[in-house]
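So the structure is just underneath, and the comments pick up after that.
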Amino acid sequence: MKSPELASAFLMQGAGFYNNKNYKKAAEFFGKSASISPKDTTAALYAGIAEQLLENNAGALAHLNSFIAN
């Protein structure tokens, strides 16, 4: 199921994990949101930031490139 509501729910869950400094889970949920709604640049940006905090430069670059492209 790909819907704006599902993407929003994943984005909000990711924000909760991010605020609790669980960057691994935050990146996972932001990434899910970004894949459901690829035109939503917020999810891609936050996924890139979370990946960067995890020192996963390849993951950060992929999400940030998606952010820039949209």
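The values are calculated or read from the model by the stated rules, or taken from the named source; none is laboratory data. These numbers were taken from a predicted model, which means no experiment stands behind them. Just the protein is used for accessible areas: all its heavy atoms, side chains included, with ligands, DNA and RNA removed. Shrake-Rupley method; radii C 1.70, N 1.55, O 1.52, S 1.80 Å.
Quick notes on this structure:
- Computed with a 1.4 Å probe over protein heavy atoms only, the accessible surface of the chain comes to 63 Å² per residue.
- Spatially, segment 29-70 and segment 1-28 are offset by 12 Å when compared through their Cα centroids.
- Multiplying the residue separation of Leu54 and Thr41 by 0.36 nm and removing their Cα-Cα distance gives an extension gain of 2.7 nm.
- Across segment 14-30, rounded Karplus estimates of 3J(HN,Hα) from the backbone phi angles (6.51 cos²θ - 1.76 cosθ + 1.60, θ = phi - 60°) give x, 4, x, 5, 4, 5, 8, 6, 9, 5, 5, 5, 4, 4, 4, 6, 5 Hz, Gly and Pro being marked x.
- Accessible area of the chain belonging to carbon and sulfur atoms, whole % at 1.4 Å probe: 58 percent
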